[in-house]
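To start, the structure under review is shown below, and the notes come after it.
The values are calculated or read from the model by the stated rules, or taken from the named source; none is laboratory data. No experiment lies behind these values; they were computed from the predicted model shown. Note that each Cβ is placed from the backbone with ideal geometry, even for glycine, and that neighbours are counted across all protein chains shown. For accessibility, only protein heavy atoms count, side chains too; no ligands or nucleic acids. Shrake-Rupley method; radii C 1.70, N 1.55, O 1.52, S 1.80 Å.
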Amino acid sequence: MLLMVDTALVVAGAIGYVLMKRMRPTEPFDIKSAYAVLDRSITRYVPTIGDGFTWNEAFKQLKEAGVEADWKKMEKHLSEYEAYRYGGREAPNNGQEDVISLALRLRRTLVGIRAKGKSA
(Lines give C-alpha, C1' and ligand atoms only; values in the text may rest on other atoms or scores of the structure.)
Protein backbone atom coordinates (compact mmCIF):
# COMPACT_ATOMS: atom_id res chain seq x y z
CA MET A 1 0.00 0.00 0.00
CA LEU A 2 2.77 2.43 0.94
CA LEU A 3 4.62 1.56 -2.27
CA MET A 4 1.56 2.50 -4.32
CA VAL A 5 1.26 5.86 -2.55
CA ASP A 6 4.97 6.58 -3.12
CA THR A 7 4.66 5.63 -6.79
CA ALA A 8 1.61 7.85 -7.21
CA LEU A 9 3.46 10.79 -5.64
CA VAL A 10 6.47 10.30 -7.91
CA VAL A 11 4.23 10.09 -10.99
CA ALA A 12 2.30 13.22 -9.92
CA GLY A 13 5.59 15.06 -9.39
CA ALA A 14 6.86 14.01 -12.81
CA ILE A 15 3.65 15.16 -14.49
CA GLY A 16 3.86 18.49 -12.66
CA TYR A 17 7.46 18.93 -13.75
CA VAL A 18 6.60 18.24 -17.39
CA LEU A 19 3.67 20.68 -17.27
CA MET A 20 5.87 23.39 -15.73
CA LYS A 21 8.47 22.93 -18.48
CA ARG A 22 5.76 23.31 -21.14
CA MET A 23 4.60 26.62 -19.64
CA ARG A 24 8.03 28.29 -19.73
CA PRO A 25 9.60 29.63 -22.87
CA THR A 26 12.36 27.34 -24.08
CA GLU A 27 14.58 30.06 -25.54
CA PRO A 28 15.28 33.64 -24.58
CA PHE A 29 13.06 36.23 -26.23
CA ASP A 30 14.05 39.61 -27.51
CA ILE A 31 11.75 42.45 -26.48
CA LYS A 32 9.88 42.53 -29.80
CA SER A 33 9.15 38.78 -29.62
CA ALA A 34 8.08 39.08 -25.99
CA TYR A 35 5.50 41.72 -26.87
CA ALA A 36 4.31 39.57 -29.79
CA VAL A 37 3.65 36.72 -27.33
CA LEU A 38 1.83 39.14 -25.00
CA ASP A 39 -0.23 40.42 -27.93
CA ARG A 40 -1.34 36.88 -28.81
CA SER A 41 -2.15 36.10 -25.17
CA ILE A 42 -4.23 39.25 -24.79
CA THR A 43 -6.08 38.57 -28.04
CA ARG A 44 -6.79 34.98 -27.02
CA TYR A 45 -7.51 35.29 -23.31
CA VAL A 46 -9.21 38.69 -23.04
CA PRO A 47 -12.35 38.44 -25.16
CA THR A 48 -13.56 41.96 -24.40
CA ILE A 49 -10.46 43.69 -25.77
CA GLY A 50 -11.54 43.87 -29.42
CA ASP A 51 -9.39 44.43 -32.49
CA GLY A 52 -6.96 47.34 -32.78
CA PHE A 53 -6.33 47.77 -29.05
CA THR A 54 -3.44 49.84 -27.78
CA TRP A 55 -1.09 48.56 -25.14
CA ASN A 56 -2.36 51.16 -22.67
CA GLU A 57 -5.96 50.01 -23.26
CA ALA A 58 -4.92 46.41 -22.78
CA PHE A 59 -3.04 47.14 -19.57
CA LYS A 60 -6.02 49.11 -18.24
CA GLN A 61 -8.41 46.22 -18.94
CA LEU A 62 -6.04 43.70 -17.40
CA LYS A 63 -5.71 45.82 -14.24
CA GLU A 64 -9.50 46.20 -14.02
CA ALA A 65 -9.92 42.44 -14.48
CA GLY A 66 -7.65 41.89 -11.47
CA VAL A 67 -4.67 40.41 -13.27
CA GLU A 68 -1.81 40.59 -10.79
CA ALA A 69 1.41 42.16 -12.03
CA ASP A 70 3.84 44.85 -11.03
CA TRP A 71 2.01 47.43 -13.17
CA LYS A 72 4.48 50.25 -12.49
CA LYS A 73 7.29 48.06 -13.78
CA MET A 74 5.17 46.92 -16.76
CA GLU A 75 4.34 50.53 -17.67
CA LYS A 76 8.05 51.40 -17.49
CA HIS A 77 8.87 48.48 -19.80
CA LEU A 78 6.08 49.54 -22.15
CA SER A 79 7.38 53.10 -22.25
CA GLU A 80 10.87 51.86 -23.12
CA TYR A 81 9.48 49.49 -25.76
CA GLU A 82 7.37 52.21 -27.40
CA ALA A 83 10.38 54.56 -27.42
CA TYR A 84 12.25 51.83 -29.29
CA ARG A 85 9.43 50.92 -31.68
CA TYR A 86 8.14 54.39 -32.49
CA GLY A 87 10.81 56.79 -31.29
CA GLY A 88 13.91 55.33 -32.88
CA ARG A 89 15.63 54.59 -29.59
CA GLU A 90 17.85 51.59 -28.99
CA ALA A 91 16.08 48.32 -28.13
CA PRO A 92 15.71 47.78 -24.38
CA ASN A 93 17.89 44.98 -23.09
CA ASN A 94 15.62 44.03 -20.21
CA GLY A 95 11.94 43.50 -19.48
CA GLN A 96 11.36 40.47 -21.68
CA GLU A 97 10.98 38.17 -18.69
CA ASP A 98 8.31 40.38 -17.13
CA VAL A 99 6.40 40.66 -20.41
CA ILE A 100 6.49 36.89 -20.96
CA SER A 101 5.51 36.32 -17.34
CA LEU A 102 2.44 38.53 -17.83
CA ALA A 103 1.54 36.67 -21.03
CA LEU A 104 1.74 33.32 -19.23
CA ARG A 105 -0.18 34.69 -16.24
CA LEU A 106 -3.13 35.48 -18.51
CA ARG A 107 -3.53 31.76 -19.09
CA ARG A 108 -4.03 31.20 -15.36
CA THR A 109 -6.48 33.99 -14.52
CA LEU A 110 -10.23 34.35 -14.58
CA VAL A 111 -9.82 36.49 -17.69
CA GLY A 112 -8.18 33.50 -19.37
CA ILE A 113 -10.79 31.03 -18.19
CA ARG A 114 -13.66 33.18 -19.50
CA ALA A 115 -11.95 33.53 -22.88
CA LYS A 116 -11.42 29.77 -23.16
CA GLY A 117 -15.05 29.10 -22.26
CA LYS A 118 -16.35 31.47 -24.93
CA SER A 119 -14.14 30.17 -27.73
CA ALA A 120 -14.73 26.48 -27.00
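Any idea which residue in segment 72-111 is most open to solvent (accessible area, probe 1.4 Å), counting only those that are among the basic types (Lys, Arg) and under 21 Å from residue 47 (Cα atoms)?
Taking segment 72-111 first, the residues among the basic types (Lys, Arg) are 72-73, 76, 85, 89, 105, 107-108.
Within this subset, residues satisfying the condition of being under 21 Å from residue 47 (Cα atoms) are 105, 107-108.
On the way: 105: 65, 107: 92, 108: 145 Å².
By that ranking, first place goes to 108.
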Top-ranked residue of segment 39-55 - restricted to ones that are open to solvent by 80 Å² or more (accessible area, probe 1.4 Å) and touching a residue at least 24 places away in the same chain (Cβ under 8 Å), ranked as farthest from residue 102 (Cα to Cα):
44
Unique residue being surrounded by 14 or more Cβ atoms within 10 Å (Cβ to Cβ), farther than 19 Å from residue 109 by Cα and of a type in the set (A, V, I, L, M) when the list is 65, 58, 69, 36:
36
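One line per residue, one yes/no per condition, for (1) in a helix (DSSP H, G or I); (2) at pLDDT below 80; (3) of a type in the set (A, V, I, L, M, F, W, C):
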{"residue": "8", "(1), (2), (3)": "yes, no, yes"}
{"residue": "28", "(1), (2), (3)": "no, yes, no"}
{"residue": "32", "(1), (2), (3)": "yes, no, no"}
{"residue": "38", "(1), (2), (3)": "yes, no, yes"}
{"residue": "41", "(1), (2), (3)": "yes, no, no"}
{"residue": "56", "(1), (2), (3)": "yes, no, no"}
{"residue": "59", "(1), (2), (3)": "yes, no, yes"}
Any residue in segment 73-84 that's in contact (Cβ under 8 Å) with a residue 12 or more places away in the chain: show its pairings with residues that are part of a helix (DSSP H, G or I) and among the hydroxyl-bearing types (Ser, Thr, Tyr) at Cβ separation under 8 Å, as long as the two are six or more apart or on different chains.
81/35
Only one of 21, 76 is over 13 Å from residue 106 (Cβ atoms), at pLDDT 90 or above and in a helix (DSSP H, G or I); which?
76
